[in-house]
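Report on the following structure.
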Amino acid sequence: MARVAKANADTPQRILDVAERLVQTRGFNGFSYADIASTLGITKASLHYHFPTKAALGHRLIERYEQRFLEALEAIDRGGADAREKLRRYAAIYTDVLRSNRMCLCGMLASDYATLAKPIKDGVKHFFDRNEQWLVAVLEDGRESGTLRFAGSPDVVARGIVGALEGAMMLARSYGEVARFEAVADRLIAEL
């Protein structure tokens, strides 16, 4: 009986795990509840019990993804590296996602942006805002310490970094070559 209770308690996480993989490989509009149900061997009714709508599922996916991403950024900060090394470690997060044959969850959601429910759209923006905020702090620290040099506002440079890395992911995926992404990321960071 305890095993059934644990399996039921794990069901939302298992649903999120499968949905995350599907979004990262197919996009939000590229899967249905039937895909998740068949993968997990559960009913669509069970999915609706945990996530009444696909929009609710998408919103929770973003929250979970952002939380893990922010934890990774906190770990980078705790590592005590200089600003340039922090940027390298930031780009390595993207590289790791690509190596697992996936894309950034919020990057994939952004490609479906016009068709998303407002809470998901808001979540995507929040995720990118938090990334940019972290990058601005790293850039300001790097400029102040002399480890980074760049013209213009750290806000604009941060947006450029996120945009370049997200775009580089898409192109690398198209070619099936993580090395393409790494070359762009290395060049981008070297130019700072």
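Which residues, taken from the range 27-72, are surrounded by fewer than 17 Cβ atoms within 10 Å (Cβ to Cβ), of a type in the set (Val, Ile, Thr) and either in contact with a strand residue (DSSP E or B) (Cβ under 7 Å, 6 or more places away or on another chain) or assigned to a helix (DSSP H, G or I) (or both)? Correct list: Thr39 only.
In the range 110-128, the residues that are free of Cβ contacts under 8 Å to residues at least 40 places away in the same chain reach residues that are of a type in the set (A, V, I, L, M, F, W, C) and surrounded by 15 or more Cβ atoms within 10 Å (Cβ to Cβ) with C-beta atoms within less than 8 angstrom, at least six apart or across chains, in these pairs: Tyr113/Val124; Phe128/Cys106; Phe128/Ala110; Phe128/Val162. Summed over the range 67-107, residues that are farther than 21 Å from Phe181 by Cα, within 11 Å of the chain's Cα centre (by Cα) and in contact (Cβ under 8 Å) with a residue 60 or more places away in the chain total 1.
The numbered conditions (1) without any contact (Cβ under 8 Å) to a residue 40 or more places away in the chain; (2) over 30 Å from Leu57 (Cβ atoms); (3) in contact with a Leu (Cβ under 9 Å, 6 or more places away or on another chain) are all true for Arg149 except (1).
I need the helices (runs of 4 or more DSSP H) fully contained in the range 73-192, keeping only those with at least 1 residues that are in contact with an Asp or Glu (Cβ under 6 Å, 6 or more places away or on another chain) and either of a type outside the set (A, V, I, L, M) or surrounded by 13 or more Cβ atoms within 10 Å (Cβ to Cβ) (or both).
Correct list: 83-99, 105-111, 118-145, 154-175.
Please indicate, with yes or no, whether at least one residue in the range 50-66 is without any contact (Cβ under 8 Å) to a residue 12 or more places away in the chain and closer than 30 Å to Leu148 by Cβ. No. Which of (1) in contact with a helix residue (DSSP H, G or I) (Cβ under 8 Å, 6 or more places away or on another chain); (2) not in a helix (DSSP H, G or I) is the odd one out, the single condition Gln24 does not satisfy? Going through the list (1) in contact with a helix residue (DSSP H, G or I) (Cβ under 8 Å, 6 or more places away or on another chain); (2) not in a helix (DSSP H, G or I), Gln24 breaks only (2). Just one of the listed residues (Ala117, Ala91, Ala110) is out of contact with any strand residue (DSSP E or B) (no Cβ under 7 Å at 6 or more places or on another chain), farther than 30 Å from Pro52 by Cα and of a type in the set (A, V, I, L, M, F, W, C), and it is Ala91. For residues that are within 13 Å of Cys104 (Cα to Cα) and among the charged types (D, E, K, R), scanning just the range 162-184, find the one that is nearest to the chain's Cα centre (by Cα). If we take residues in the range 162-184 being within 13 Å of Cys104 (Cα to Cα) and among the charged types (D, E, K, R), then Glu166 is nearest to the chain's Cα centre (by Cα).
Quick check on this structure: which one of Arg143, Arg149, Arg159 is among the basic types (Lys, Arg), more than 16 Å from the chain's Cα centre (by Cα) and under 19 Å from Arg187 (Cβ atoms)?
Arg149
Laboratory data are not the source of any read-out in this text; all were calculated from the coordinates shown. Predicted, not measured: the structure shown is a model, and the values here were computed from it. All Cβ positions, glycine included, derive from the backbone under ideal geometry; neighbour counts span all protein chains shown.
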